[in-house]
Amino acid sequence: MILTSLSLINFKQYVNETIEFPEGLSGIIGKNGSGKSSLFDAVLLALFGEIPGTKEYLRSQLAGEKDPVTVELCLLLDDRSYRVRREFRGKNLTAQAELTRDGEPVASGQKEVTGELEKLIGMGKES
């Protein structure tokens, strides 16, 4: 599995950011509090639909109460291009999810997307 990009909207300290992962990337370096752990949280959230802690901390403090939180991860797996998008809306952060392969829909819904991704990568969030 090769991560190619991560887009974040209203996620923790990231209001609107897209991070490209260049080929050969082997580390993420930054000062304390710069958002390194939040990037790993975002990848976990994209792949498995949840992260440690409570979901109230997903939304950026700069976002409004009704602004959606969006995490979109693009990756390559077995020479196929996948995009997983998870969005949390409203005051209660109601979850929505979709997974595409080479631009075609594969799964939608939190549980369905998580199940499909676990099969594709061969592991669950506990791993």
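The values are calculated or read from the model by the stated rules, or taken from the named source; none is laboratory data. All figures in this text were calculated on a predicted structure; none of them were measured in a lab. Cβ coordinates were reconstructed from backbone atoms using ideal geometry, including for glycine residues, and neighbour counts include every protein chain displayed. In case anyone asks, the SASA skips ligands and DNA or RNA and just uses the protein heavy atoms, side chains included. Shrake-Rupley method; radii C 1.70, N 1.55, O 1.52, S 1.80 Å.
Data for the structure
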| read-out | value |
| --- | --- |
| Paramagnetic label zone (point 7 Å from Cα along Cα-to-C-beta, Arg80; backbone N under 19 Å) in the range 113-127 | 113-124 |
| Exposed trypsin sites (Lys or Arg not before Pro) absent: longest stretch of the chain, with sites in DSSP loops and at most 11 other Cβ within 10 Å deemed exposed | 92-127 |
| For Ser81, distant residues with modelled amide H under 5 Å away | Asp102 |
| Relative contact order (%) - the chain, alpha-carbon pairs under 8 angstrom, separation at least six | 24 |
| Positive dipole terminus of the chain, leading residue within Ser38, Ala107, Ile28 (C-beta point charges) | Ser38 |
| Cβ charges +1 (Lys, Arg) and -1 (Asp, Glu), total dipole of the range 52-118, debye | 360 |
| Isotropic mean projected area of the C-alpha convex hull, the range 79-120 (nm²) | 2.9 |
| Potential lengthening between Leu3 and Gln96 on full extension [0.36 nm per residue; Cα-Cα distance subtracted] | 31.3 nm |
| Fraction of accessible area attributable to carbon and sulfur, the chain (%, probe 1.4 Å) | 49 |
| Per residue value of the accessible surface for the chain (all protein chains in place, 1.4 Å probe), Å² | 62 |
| Under-16-angstrom lysine pairs by C-alpha in the chain, whenever the two are 8 or more apart or on separate chains | 9 |
| Translational diffusion of the chain, µm² s⁻¹ [Kirkwood Rh, Cα pairs; Stokes-Einstein; 25 °C; 0.890 mPa s] | 164 |
